[in-house]
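Structure, as C-alpha coordinates:
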Amino acid sequence: MPKSPDDLEALKEERAAADRAYNDALTRLDRAIQRLPADFPQPPPVPDERQVTPLNTLWTIAAPPATGLRRGFIAGVRRAVAPLFEQQQAFNAAVVDHVNRSVPVARETRASIDSTLTVLRDTIGELVRFQSLLVEFLQQVTPYVDTRDRDVAGLLRGLSGAINAVADEVLKRSEATLVRDRRQEMRVEALEAALAALRDELAALQRRGRHDA
(Lines give C-alpha, C1' and ligand atoms only; values in the text may rest on other atoms or scores of the structure.)
Protein backbone atom coordinates (compact mmCIF):
# COMPACT_ATOMS: atom_id res chain seq x y z
CA MET A 1 0.00 0.00 0.00
CA PRO A 2 1.61 3.34 -1.04
CA LYS A 3 2.53 5.78 1.70
CA SER A 4 0.81 9.13 1.90
CA PRO A 5 2.91 12.34 1.81
CA ASP A 6 2.30 12.76 5.54
CA ASP A 7 3.61 9.25 6.22
CA LEU A 8 6.70 9.87 4.11
CA GLU A 9 7.38 13.17 5.87
CA ALA A 10 6.99 11.50 9.27
CA LEU A 11 9.42 8.75 8.24
CA LYS A 12 11.89 11.39 7.03
CA GLU A 13 11.68 13.28 10.35
CA GLU A 14 12.04 10.03 12.30
CA ARG A 15 15.18 9.13 10.30
CA ALA A 16 16.63 12.63 10.84
CA ALA A 17 15.96 12.41 14.60
CA ALA A 18 17.62 8.97 14.75
CA ASP A 19 20.66 10.33 12.88
CA ARG A 20 20.97 13.26 15.30
CA ALA A 21 20.70 10.97 18.33
CA TYR A 22 23.34 8.62 16.87
CA ASN A 23 25.73 11.47 16.10
CA ASP A 24 25.23 12.97 19.58
CA ALA A 25 25.95 9.62 21.23
CA LEU A 26 29.02 9.17 19.04
CA THR A 27 30.27 12.63 20.02
CA ARG A 28 29.85 11.85 23.72
CA LEU A 29 31.68 8.55 23.27
CA ASP A 30 34.53 10.29 21.45
CA ARG A 31 34.85 12.84 24.24
CA ALA A 32 34.86 10.05 26.83
CA ILE A 33 37.96 8.37 25.39
CA GLN A 34 40.52 8.07 28.16
CA ARG A 35 43.89 9.72 27.91
CA LEU A 36 47.13 8.62 29.51
CA PRO A 37 47.83 11.20 32.25
CA ALA A 38 50.74 13.51 31.54
CA ASP A 39 51.80 13.23 35.19
CA PHE A 40 51.66 9.44 35.26
CA PRO A 41 53.44 8.32 38.46
CA GLN A 42 57.02 7.17 38.23
CA PRO A 43 58.61 4.40 40.29
CA PRO A 44 60.33 5.49 43.49
CA PRO A 45 64.09 6.03 43.46
CA VAL A 46 66.39 3.14 44.14
CA PRO A 47 67.25 2.53 47.80
CA ASP A 48 70.12 4.60 49.18
CA GLU A 49 72.76 1.99 49.98
CA ARG A 50 75.75 4.29 50.35
CA GLN A 51 76.06 3.71 54.11
CA VAL A 52 75.38 -0.04 54.09
CA THR A 53 79.02 -1.04 53.64
CA PRO A 54 80.33 1.38 56.33
CA LEU A 55 77.67 0.14 58.75
CA ASN A 56 78.73 -3.45 58.22
CA THR A 57 82.37 -2.56 58.96
CA LEU A 58 81.99 0.00 61.77
CA TRP A 59 79.25 -1.45 63.95
CA THR A 60 81.67 -3.30 66.26
CA ILE A 61 83.25 -1.35 69.14
CA ALA A 62 86.83 -2.43 69.91
CA ALA A 63 88.23 -1.25 73.25
CA PRO A 64 91.85 -0.05 73.19
CA PRO A 65 94.37 -2.42 74.79
CA ALA A 66 95.32 -1.77 78.41
CA THR A 67 99.08 -1.04 78.45
CA GLY A 68 101.49 1.12 80.36
CA LEU A 69 101.43 2.27 83.93
CA ARG A 70 97.72 2.80 83.98
CA ARG A 71 96.91 -0.69 82.81
CA GLY A 72 95.16 -1.55 86.05
CA PHE A 73 93.14 1.65 86.03
CA ILE A 74 92.11 1.15 82.42
CA ALA A 75 91.13 -2.45 83.09
CA GLY A 76 88.96 -1.28 85.96
CA VAL A 77 87.26 1.36 83.85
CA ARG A 78 86.74 -1.20 81.13
CA ARG A 79 85.04 -3.54 83.53
CA ALA A 80 82.85 -0.70 84.76
CA VAL A 81 81.66 0.40 81.34
CA ALA A 82 81.58 -3.06 79.83
CA PRO A 83 77.76 -3.33 80.21
CA LEU A 84 77.35 -0.04 78.30
CA PHE A 85 79.66 -1.24 75.53
CA GLU A 86 77.79 -4.52 75.32
CA GLN A 87 74.45 -2.71 75.12
CA GLN A 88 75.76 -0.39 72.41
CA GLN A 89 77.24 -3.35 70.57
CA ALA A 90 73.91 -5.17 70.66
CA PHE A 91 72.16 -2.02 69.42
CA ASN A 92 74.65 -1.62 66.60
CA ALA A 93 74.24 -5.28 65.63
CA ALA A 94 70.44 -4.91 65.58
CA VAL A 95 70.66 -1.76 63.42
CA VAL A 96 73.04 -3.40 60.95
CA ASP A 97 70.93 -6.53 60.79
CA HIS A 98 67.80 -4.45 60.19
CA VAL A 99 69.49 -2.44 57.44
CA ASN A 100 70.82 -5.58 55.75
CA ARG A 101 67.36 -7.14 55.82
CA SER A 102 65.63 -3.96 54.62
CA VAL A 103 67.84 -3.38 51.58
CA PRO A 104 66.60 -6.46 49.59
CA VAL A 105 63.00 -5.66 50.56
CA ALA A 106 63.43 -2.08 49.35
CA ARG A 107 64.95 -3.33 46.10
CA GLU A 108 62.09 -5.79 45.48
CA THR A 109 59.46 -3.21 46.44
CA ARG A 110 60.89 -0.69 44.03
CA ALA A 111 61.09 -3.33 41.23
CA SER A 112 57.51 -4.43 41.94
CA ILE A 113 56.20 -0.86 41.81
CA ASP A 114 58.13 -0.26 38.59
CA SER A 115 56.69 -3.38 36.90
CA THR A 116 53.17 -2.58 38.19
CA LEU A 117 53.32 0.93 36.79
CA THR A 118 54.58 -0.42 33.47
CA VAL A 119 51.71 -2.91 33.25
CA LEU A 120 49.21 -0.22 34.28
CA ARG A 121 50.56 2.24 31.72
CA ASP A 122 50.49 -0.38 28.94
CA THR A 123 46.97 -1.47 29.91
CA ILE A 124 45.66 2.09 29.85
CA GLY A 125 47.40 2.62 26.51
CA GLU A 126 45.70 -0.47 25.06
CA LEU A 127 42.35 0.65 26.48
CA VAL A 128 42.75 4.08 24.88
CA ARG A 129 43.64 2.41 21.58
CA PHE A 130 40.58 0.13 21.81
CA GLN A 131 38.31 3.07 22.54
CA SER A 132 39.73 4.98 19.57
CA LEU A 133 39.22 1.99 17.27
CA LEU A 134 35.68 1.59 18.61
CA VAL A 135 34.85 5.21 17.77
CA GLU A 136 36.39 4.81 14.30
CA PHE A 137 34.29 1.68 13.76
CA LEU A 138 31.09 3.39 14.86
CA GLN A 139 31.89 6.32 12.58
CA GLN A 140 31.80 3.89 9.66
CA VAL A 141 28.38 2.47 10.58
CA THR A 142 26.33 5.30 9.07
CA PRO A 143 28.23 5.41 5.73
CA TYR A 144 28.04 1.61 5.55
CA VAL A 145 24.27 1.61 6.20
CA ASP A 146 23.80 4.43 3.69
CA THR A 147 25.77 2.44 1.12
CA ARG A 148 23.65 -0.63 1.75
CA ASP A 149 20.51 1.50 1.46
CA ARG A 150 21.74 2.85 -1.86
CA ASP A 151 22.50 -0.68 -3.04
CA VAL A 152 19.02 -1.85 -2.06
CA ALA A 153 17.47 1.23 -3.65
CA GLY A 154 19.46 0.55 -6.83
CA LEU A 155 18.32 -3.07 -6.86
CA LEU A 156 14.74 -1.98 -6.31
CA ARG A 157 15.01 0.55 -9.12
CA GLY A 158 16.46 -2.11 -11.41
CA LEU A 159 13.76 -4.57 -10.40
CA SER A 160 11.10 -1.93 -10.91
CA GLY A 161 12.53 -1.13 -14.34
CA ALA A 162 12.55 -4.80 -15.28
CA ILE A 163 8.98 -5.24 -14.07
CA ASN A 164 7.91 -2.16 -16.01
CA ALA A 165 9.68 -3.45 -19.13
CA VAL A 166 7.95 -6.83 -18.80
CA ALA A 167 4.63 -5.11 -18.18
CA ASP A 168 5.12 -2.92 -21.26
CA GLU A 169 5.98 -5.96 -23.34
CA VAL A 170 2.95 -7.84 -22.05
CA LEU A 171 0.77 -4.81 -22.72
CA LYS A 172 2.14 -4.49 -26.26
CA ARG A 173 1.53 -8.14 -26.89
CA SER A 174 -1.94 -7.88 -25.41
CA GLU A 175 -2.69 -4.91 -27.65
CA ALA A 176 -1.31 -6.76 -30.66
CA THR A 177 -3.44 -9.78 -29.76
CA LEU A 178 -6.51 -7.56 -29.38
CA VAL A 179 -5.79 -5.98 -32.77
CA ARG A 180 -5.43 -9.39 -34.39
CA ASP A 181 -8.59 -10.58 -32.68
CA ARG A 182 -10.44 -7.47 -33.83
CA ARG A 183 -9.21 -7.98 -37.39
CA GLN A 184 -10.30 -11.60 -37.22
CA GLU A 185 -13.67 -10.54 -35.95
CA MET A 186 -13.95 -8.00 -38.77
CA ARG A 187 -13.06 -10.69 -41.32
CA VAL A 188 -15.64 -13.03 -39.84
CA GLU A 189 -18.25 -10.26 -39.85
CA ALA A 190 -17.42 -9.42 -43.49
CA LEU A 191 -17.63 -13.10 -44.40
CA GLU A 192 -20.95 -13.45 -42.61
CA ALA A 193 -22.23 -10.33 -44.40
CA ALA A 194 -21.10 -11.74 -47.75
CA LEU A 195 -22.78 -15.06 -47.01
CA ALA A 196 -25.97 -13.27 -46.00
CA ALA A 197 -25.91 -11.25 -49.21
CA LEU A 198 -25.30 -14.44 -51.19
CA ARG A 199 -28.19 -16.14 -49.46
CA ASP A 200 -30.43 -13.16 -50.23
CA GLU A 201 -29.34 -13.21 -53.86
CA LEU A 202 -30.02 -16.97 -54.12
CA ALA A 203 -33.42 -16.55 -52.53
CA ALA A 204 -34.23 -13.77 -54.98
CA LEU A 205 -33.17 -15.94 -57.91
CA GLN A 206 -35.32 -18.79 -56.61
CA ARG A 207 -38.31 -16.51 -56.32
CA ARG A 208 -37.73 -15.15 -59.79
CA GLY A 209 -37.46 -18.68 -61.23
CA ARG A 210 -40.76 -19.76 -59.70
CA HIS A 211 -42.42 -16.66 -60.99
CA ASP A 212 -41.11 -17.25 -64.53
CA ALA A 213 -42.32 -20.85 -64.42
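The values are calculated or read from the model by the stated rules, or taken from the named source; none is laboratory data. If you're wondering where the values come from, they're calculated on a predicted model, not measured in any experiment. Heavy atoms of the whole protein, side chains included, go into the accessibility calculation; ligands, DNA and RNA do not. Shrake-Rupley method; radii C 1.70, N 1.55, O 1.52, S 1.80 Å.
Worth a mention:
- When we screen 54, 43, 37 for residues that are at pLDDT 80 or above, in a loop (DSSP other than H, G, I, E, B), open to solvent by less than 70 Å² (accessible area, probe 1.4 Å) and more than 30 Å from residue 142 (Cα to Cα), the only hit is 43.
- Test: residue in segment 194-210 that is at pLDDT below 75 and open to solvent by less than 100 Å² (accessible area, probe 1.4 Å): yes
Residue by residue, here is whether (1) at pLDDT 80 or above; (2) open to solvent by 70 Å² or more (accessible area, probe 1.4 Å) holds:
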residue: 92; (1), (2): yes, no
residue: 95; (1), (2): yes, no
residue: 107; (1), (2): yes, yes
residue: 142; (1), (2): no, no
residue: 145; (1), (2): no, no
residue: 149; (1), (2): no, yes
residue: 153; (1), (2): no, no
residue: 157; (1), (2): no, yes
residue: 163; (1), (2): no, yes
